[in-house]
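Down below is the structure, laid out as structure tokens.
The values are calculated or read from the model by the stated rules, or taken from the named source; none is laboratory data. Please read these numbers as outputs of a predicted model, since none were measured by experiment. Please note: Cβ atoms are built from the backbone with ideal geometry, for glycine as well, and neighbour counts cover all protein chains shown.
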Amino acid sequence: MKILFATEDPKAERWKAPLLEQLPQADIHIWDAANPATDADYAIVWQPPAEVFAQTHSLKAIFNLGAGVDALLKLTGLPDNLPIYRLEDAGMSAQMAEYVAYYVIEASRDMALYREQQADGVWKMLRPIRRQDWPIGVLGLGQIGKRVATTLAGLDYPVAGWSRSGQPIEGVESFAGQEQFKSFLARTRVLINTLPLTPETRDLLNYDTFSSLLPDAVVINVGRGEHLVDHDMIRAIDEGLIRHSVLDVFRQEPLPIEHPFWRHPSITLTPHVSARTLRDETVQQICDKIKLLESGESPSGLIDRQRGY
Ligand code: GLV
């Protein structure tokens, strides 16, 4: 069996050994434009070059080395009928939950103020937390959103989730679809985006959304940069609707150095690290799925191209 591995990782070679450990018979071919693997059975990709699928004729499935397939689905030359599988959790939901919890706690427990007080040699207790002042709303209740919501609910914050179907989660208030979007926002102070990027969710974090939140809001975007209308975020902060925003994803990555987000005092940014693709978990999951496919079974994580995730 031949596996084509095409990612932007300059050290792609280091994926070979763990893949071979799981699939000792496999021939792992790292993408090389000059020497394409025309007869590969499976492709493992992350932001691959557009021509990667042009010379492959025998692929049975494509595996995306991430949870979000938005970039892959946009790729010209992506074969029409091949099944695409995304990563399901693979260690990402715990990372995402701790990233989000960190910033929720920082805001709700006044951690930045205590740091400032320390710098000034000030010993002063601020008001204790009142959890009812921090209603949290999670956009998207897939594996990641669900873990984020239940983690914060486990810390006794009032948590609601918004999704297409409004799936019930214990301890989390559930809102569904466009009709309930406004009422979800109206009870939310901390808005956390974990949605997949699709034509329906693009630009959802806009001025209208921000002005529907409770006052003094906090916005955390760990979805995709294209969910956020950048200048609407700056406007909402300038007008005092949003007190702080935490951004891990951007329309252009790396974020251009002249972008106003870099130096905005009310924006915290990180370089797309809220949930890294972990090699061991990822290799295990993809190899398990390849084994299932080889024995004629249907693994989970199949992308619905119409839906976009
Ligand atoms: C990362 O952004 C992913 O989609 O896994």
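Overview of results
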{"read-out": "Residue satisfying all of: in the stretch 19-52; of a type in the set (Gly, Ala, Ser) and under 19 Å from Gly68 (Cα atoms); modelled with the highest pLDDT among these", "value": "Ala43"}
{"read-out": "Strands (runs of 3 or more DSSP E) enclosed by the stretch 79-194 - at least 2 residues per element that are touching a residue at least 40 places away in the same chain (Cβ under 8 Å)", "value": "136-139, 190-193"}
{"read-out": "Qualifying residues in the stretch 172-196 (those that are among the charged types (D, E, K, R) and touching an Asp or Glu at 6+ places or on another chain (Cβ under 9 Å)) - the one surrounded by the most Cβ atoms within 10 Å (Cβ to Cβ)", "value": "Arg189"}
{"read-out": "The stretch 51-69 - residue that is within 13 Å of the ligand (Cβ to nearest atom) and out of contact with any Pro (no Cβ under 7 Å at 6 or more places or on another chain) and, of those, farthest from Gly223 (Cα to Cα)", "value": "Phe63"}
{"read-out": "Of all residues in the stretch 73-92 being at negative phi and near the ligand (Cβ under 10 Å from one of its atoms), the one that is surrounded by the most Cβ atoms within 10 Å (Cβ to Cβ)", "value": "Leu87"}
{"read-out": "Close pairs from the stretch 210-228: first surrounded by fewer than 23 Cβ atoms within 10 Å (Cβ to Cβ), partner of a type in the set (Lys, Arg), Cβ under 6 Å, at least 6 apart", "value": "Ser212/Lys182; Leu214/Arg189; Asp216/Arg243; Gly225/Arg251; Glu226/Arg202; Glu226/Arg251"}
